[in-house]
Structures are given as structure tokens and as C-alpha cells.
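J.: Structure in C-alpha cells, see below.
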Amino acid sequence: STQIQLVNRPVGWPEQTDFRTVNVELPPLADGQVRVANEFLSVDPYMRGRMNDVKSYTPPYVLGETMTGGAVGRVVASAADTITVGDVVVHQHGWRDLVQEDAAGFRVVQEIPGVPLSAYLGVLGLTGFTAYVGLHDIAQLKQGDTVFVSGAAGAVGTMVGQIARLSGAARVIGSAGSAEKVALLTEKYGYDAAFNYNDGPVQAQLDAAAPEGIDVYFDNVGGEHLEAAIGSFRDGGRGALCGAISQYNTTEPAVGPRNMANMVTRGLTLTGFTVGNYSHRFPAFAADMAGWLASGDIVFDETVVDGIENSVDAFLALMRGANTGKMVVKIAPL
Ligand code: NDP
């Protein structure tokens, strides 16, 4: 099994030398174990936080151990009653081409004709679920709301815009980091207006796109975007704080929004969340999303990087914004 391990804790931007590739000989299957040939690995922004030695909602990666994270593959051998050869399984065993572990760590999913297995890492998986929980459970989206989404062309963001639209939002505004992404937001992802945050100050661009203010902000980015959203909220505005990717590779402490007084005067609510605490909502999400995919109400993009040896590159490219929709690594068939 080819596996990728973290060997140094990065300071600022991670580098290739913070990782190593190892080849591990797998022992014969023990009772209750399955062997899975991975087809896709997930690279996700939260992994950057786990590379630091700080306590968070997920424990830090252990140096010298294989990078864990979402992956989907097919069972090639089984010594477990519950899982059969050929089953498609989703798991958290991460950056390796072959996995051999106890059956309990794998979730069997159905293959959907015409939908790539990688969808179980994105639209049908954690990032789609994050969008759903953040909008409904955290931001308490209501009919007629004006919604602003940062990181709008990413895995979570492309889902937030579409789910907001399908759930009765009156107007959906997104920001992203390139003209191509901004065009996709309005042409493909149901956004009414979109802007490139590199074109000028976020507050001025948000004011132009939402002259009457916003009711909901879905924050993937933090920093200047969060401050602008706080500046644009109408009375009673609600923010779902999902992530703050603008700060993940900085070495300076983040500067907080300078306009927090609006929280008082406009009666705002900002709520942070991690999707792992909302697993009770997964069945509702899975049912809704399966319906939306089947009806074509939800569309999705993936950026696919070929080869497990390029996993670190894929992760770094994700942090730089090279992806549209979900970034995944495709594993060559063994
Ligand atoms: P994305 O697919 O959105 O990929 C990351 C994107 O971030 C890039 O494509 C890039 O797009 C954007 N980006 C990078 N640097 C900056 C910057 N300085 N300012 C603004 N945008 C930047 O990743 P995900 O959809 O997987 O994750 C989105 C967010 O959701 C992240 O913050 C992540 O940590 C968070 N998250 C939180 C979860 C939770 O439970 N709370 C669960 C899953 C994700 P661009 O080209 O537009 O800059």
C-alpha cells in the first residue's frame, strides 16, 4: 500500500518536504477486516489545521503516521460478514491507495448510475452536508432572505448557493477569487450576483451587489469578508461561521472584524459550527440531496487531480483556489 505521511509541522504554507511517501506491505486479512482499493481521496481545508499541534475539534495529525481523511473505494477482499467484495465504501482512512482495516470503519454506499464515486466526498458527502446544516440549522434560512456566501465557487459554496435558492432565498450573492469562477456562479450555480474579491474592497463590492443589505451570511473565508458581511447585515441578520480559509496559512494572528458594535445595534447572531456535531441531520440531507441530484436541481463540479503521488500538490492547489467545486485525488487502478 502506498501511503502519504506528515513528517513536519508546517509553519505558514506547507511544503512537499513536510510529507513523505511510504510503501507498506499489508499482512493477510484478519477476521473482521476488509481490504479496499481506494478510487478517490478527499483533500480538505480543515486538514491544514490538523497539521498544527493545537487542540481543535479534530485531534492533530501524528507525525510519521499516514494522513487520515475522507476517501471512497471498492472492497477487494473481505473477512467480515457485513461487507462483501465489490461493495463501494466511504471511510476516513485517508491518503493511501489500499486500505486494510476493521469493517466497522467503513460505510457501504450505493453506486448511482451516472454519478462518479467521488460525489460521496463532495455533493453527497461532507461538503454538501456542511452547506445544508450551515444554512438550515445554523443560519436558520427563511423564505425571502438575501444570502451572501464567500468561497462561493468551492465545494461547500457551490452547494450553499443552490440549496439556498431551492429553499426559498430571494437573492443569493457569492464571492470568489477569479473572473471564471464569478461567471460560473451566476451562469451555473444559481447566484443572482457575484464578485471577484481580488477586484477591490469586499465591502464596496458587497454594497453594490446587495444595496438593501443581507439577512444571512455563510462564511467560508473570515477576515475582510466577515467584516463586510457584518457591515451589510439588516436587523436580525444571521451568520453561519463555517470556516476562515483566508487565515489558515498565515503566521500573523488574525485581525478581528472592527465593526462588532453592529452585533448590538442590529441584533445580529453569528454562530460557529462543525458539521461533525450534526450527524443526526445526515439522513434528511441525504434524502433531500439524492432527490435534487436526480431531478437536476443541483449540479456540481469537481476538480480531479490524478495520482496518489500528487496528493500534497492537490491539497496546496486547493488552498490556492485552483479548484472549482470539490477537489479530489483520483487513484490509478491497482
Ligand atoms: P473549497 O472547495 O471552498 O476550497 C477552498 C477555496 O478557498 C479555494 O478554492 C479558494 O477559492 C478559497 N480561498 C483560498 N484562499 C482564500 C482567501 N485568502 N480568501 C478567500 N478565499 C480563499 O473548500 P471547502 O468547500 O471544502 O471548504 C470551504 C470552507 O468550509 C473552508 O473554510 C473549510 O474549512 C470549511 N469547512 C467547514 C466545515 C465545518 O464543519 N465547519 C466542514 C467543511 C468545510 P477562490 O479561488 O475563490 O479564492
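J.: Would you be so kind as to identify which of 276, 307, 144 lies farthest towards the positive end of the dipole of the chain, taking Lys and Arg as +1 and Asp and Glu as -1 on Cβ and the Cα centre as origin?
T.: Of the listed residues, the answer is 144.
J.: Okay, moving on. How do 91, 225 line up, fewest other C-beta atoms within 10 Å first?
T.: 91, 225
J.: Counting alpha carbon pairs within less than 8 Å and at least 6 residues apart, what relative contact order, in whole percent, applies to the chain?
T.: Working: 730 pairs, mean separation 57.9, N = 334.
Rounded, it is 17 percent for the chain.
J.: Here's a follow-up. Looking at the square roots a ≥ b ≥ c of the eigenvalues of the Cα gyration tensor of segment 126-276, which shape do they give, rounded for a/c under 1.5, prolate if a/b is larger than b/c, or oblate? Please list the in-between numbers first.
T.: Values: a/c = 1.17, a/b = 1.08, b/c = 1.09.
It is rounded, given that a/c, with a ≥ b ≥ c, falls under 1.5.
J.: Going by amide H atoms built from the backbone, whose H comes under 5 Å of the H on residue 67, apart from near neighbours?
T.: 4, 5, 6, 95
J.: Between residue 187 and residue 9, what length in nm is gained on full extension when 0.36 nm per residue of separation is reduced by their alpha carbon distance?
T.: Working: separation 178, 0.36 × 178 = 64.08 nm, distance 4.04 nm.
Extra length available between residue 187 and residue 9 comes to 60.0 nm.
J.: Enumerate the calculated ³J(HN,Hα) couplings along segment 298-307 in order (Karplus 6.51 cos²θ - 1.76 cosθ + 1.60, θ = phi - 60°), each rounded to whole Hz, writing x wherever the residue is Gly or Pro.
T.: 10, 10, 8, 10, 9, 10, 10, 9, 8, x
J.: For segment 238-254, what does the Karplus curve 6.51 cos²θ - 1.76 cosθ + 1.60, with θ = phi - 60°, yield as ³J(HN,Hα) per residue in whole Hz, taken in order and with x for Gly and Pro?
T.: 3J(HN,Hα) across segment 238-254, in whole Hz: 10, x, 9, 8, 9, x, 9, 4, 5, 10, 5, 10, 8, 9, 7, x, 5.
J.: A further question follows. Which value in nm describes the separation of the simple spin-label points at residue 107 and residue 259, placed 7 Å from the Cα toward the beta carbon?
T.: Computed distance between label sites residue 107 and residue 259 equals 3.8 nm.
J.: If you take the C-alpha gyration tensor of segment 1-84, multiply each eigenvalue by 5 and take the square root, what semi-axes do you get, largest first, in whole Å? Show your work: numbers first, answer last.
T.: On the way: eigenvalues 162, 41, 28 Å².
So the equivalent ellipsoid measures 28, 14, 12 Å along its semi-axes.
J.: For residue 80, list long-range residues whose amide hydrogen, built 1.01 Å from N in the peptide plane, is under 5 Å from its own amide hydrogen.
T.: Excluding prolines and chain starts, which carry no amide H, the hits are 32.
J.: Still on this model: Amide H of residue 233: which non-local residues (sequence gap of 5 or more, or other chain) have their own amide H closer than 5 Å, using H built in the peptide plane?
T.: Amide H to amide H, under 5 Å and 5 or more residues apart or across chains, residue 233 pairs with 214.
J.: Determine the dipole magnitude for segment 163-210: charges of +1 sit on the beta-carbon of Lys and Arg, -1 on that of Asp and Glu, nothing else is charged, the reference point is the Cα centre, and the result goes in debye to the nearest 20.
T.: Numbers: 4 positive and 5 negative charges, 38 e Å.
Once rounded to the nearest 20, the dipole reads 180 debye.
J.: Take every Cα pair under 8 Å in segment 193-334 that's 6+ residues apart, average their separations, divide by the length, and report that relative contact order as a whole percent. Don't skip to the answer; put the middle values down first.
T.: Details: 176 pairs, mean separation 23.7, N = 142.
For segment 193-334, the relative contact order is 17 percent.
J.: Any idea how far the Cα center of segment 217-255 sits from the one of segment 31-63, in Å?
T.: 26 Å
J.: With springs only between Cα atoms under 10 Å, which of 302, 224, 65 fluctuates most in a Gaussian network model of the chain?
T.: Of the options given, 65 has the highest mean-square fluctuation.
J.: Another question, then. So, with +1 on the Cβ of K and R and -1 on the Cβ of D and E, and no other charges, what is the size of the charge dipole of the chain about its Cα centre, to the nearest 20 debye? All intermediate terms of the calculation are to be shown ahead of the outcome.
T.: On the way: 22 positive and 35 negative charges, 100 e Å.
That gives a dipole near 480 debye.
J.: Now for a different question. Do the alpha carbons of any pairs in 55/181; 55/326; 55/142; 55/188 sit beyond 30 Å of each other, and which pairs?
T.: On the way: 55/181 34 Å; 55/326 26 Å; 55/142 35 Å; 55/188 39 Å.
Check vs 30 Å cut-off fails for 55/181; 55/142; 55/188.
J.: From the Cα gyration tensor of segment 120-214, with a ≥ b ≥ c the square roots of its eigenvalues, which class applies: rounded if a/c is under 1.5, or else prolate if a/b is larger than b/c, or else oblate?
T.: Values: a/c = 1.96, a/b = 1.25, b/c = 1.56.
Cα axes put segment 120-214 in the oblate bin.
J.: If you put +1 on each Lys and Arg Cβ and -1 on each Asp and Glu Cβ, how big is the dipole of segment 126-276 around its Cα centre, in Debye rounded to 20?
T.: Working: 9 positive and 14 negative charges, 56 e Å.
Taking the Cα centre of segment 126-276 as origin, the dipole is about 260 debye.
J.: Sticking with this structure for a sec: Could you give me the ³J(HN,Hα) list for segment 276-291, computed from phi with Karplus coefficients 6.51, -1.76, 1.60 and θ = phi - 60°, whole Hz, x at Gly and Pro?
T.: Computed from phi, the couplings for segment 276-291 are x, 8, 10, 4, 4, 8, 4, x, 5, 4, 4, 5, 4, 5, 4, x Hz.
J.: Next question, about the same structure. How do 315, 218, 282 rank when sorted from fewest to most other Cβ atoms within 10 Å of their own Cβ?
T.: Numbers: 315 27, 218 33, 282 15.
Lowest count first: 282, 315, 218.
J.: Mind checking the full-extension length gain between residue 53 and residue 142? Use 0.36 nm per residue of separation minus the Cα-Cα distance, one decimal, nm. Spell out each step's value before the answer.
T.: Working: separation 89, 0.36 × 89 = 32.04 nm, distance 3.93 nm.
Gain on extension, residue 53 to residue 142, equals 28.1 nm.
J.: Let me ask something else. For a quick check: sort 232, 167, 56 by the number of other beta carbons within 10 angstrom, fewest at the front.
T.: On the way: 232 24, 167 16, 56 11.
Sorted ascending by nearby Cβ count, the order is 56, 167, 232.
J.: Additional query: Looking at the square roots a ≥ b ≥ c of the eigenvalues of the Cα gyration tensor of the chain, which shape do they give, rounded for a/c under 1.5, prolate if a/b is larger than b/c, or oblate?
T.: On the way: a/c = 2.09, a/b = 1.59, b/c = 1.31.
Cα axes put the chain in the prolate bin.
Just so you know, all these numbers are worked out from the coordinates, no wet-lab data involved. None of these values were measured; they are calculated from a predicted model. Every residue, glycine as well, gets a Cβ built from its backbone with ideal geometry; the counts of neighbours run over all protein chains shown.
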